[in-house]
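Participant: Take this structure first; my questions come after.
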Amino acid sequence: MTPEMMKAGMALLDWDTGALADRAGVTRATVSRYLNGGPDNSLPKMVAAFAAHGVTFKNGRTVQQITRKTPPPSKQ
């Protein structure tokens, strides 16, 4: 997953870095580091957090797709 894909996934779920960090069990600094292009060993945890909320990332050779399987929560 690229940082751009992560940002798109966060936008789909209306998450900020803190929300992703909480759900993935990592620090905000970890999320920010990855979003700024740094390497991170916690990427599988972040991908799993997205998957647990219905967002999956598929990387093909030239195609990158983000799929959301569940509707977004209603904002009331």
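The values are calculated or read from the model by the stated rules, or taken from the named source; none is laboratory data. Keep in mind that this is a model prediction, so the values were computed, not measured. When we count neighbours, we look across all protein chains shown, and the Cβ atoms used for this are built from the backbone with ideal geometry, even at glycine.
Participant: Just checking, how many residues over the stretch 16-37 are of a type outside the set (Gly, Ala, Ser), farther than 14 Å from Ala48 by Cβ and outside any helix (DSSP H, G or I)?
Facilitator: The total comes to 3.
Participant: I'm trying to understand the selection: among the residues of the stretch 1-40, which are modelled with pLDDT under 90 and of a type in the set (S, T, N, Q)?
Facilitator: The answer is Thr2, and nothing else.
Participant: Restricting the search to the stretch 14-31, which residues are surrounded by fewer than 13 Cβ atoms within 10 Å (Cβ to Cβ) and either in contact with a strand residue (DSSP E or B) (Cβ under 6 Å, 6 or more places away or on another chain) or not acidic (Asp, Glu) (or both)?
Facilitator: Listed by number, the residues that qualify are Gly18, Gly25, Ala29.
Participant: For the structure I just gave you, tell me whether Met5 is part of a helix (DSSP H, G or I) and touching a Phe, Trp or Tyr at 6+ places or on another chain (Cβ under 6 Å). Write out each step before concluding.
Facilitator: Details: part of a helix (DSSP H, G or I): yes; touching a Phe, Trp or Tyr at 6+ places or on another chain (Cβ under 6 Å): yes.
Answer is yes for this residue.
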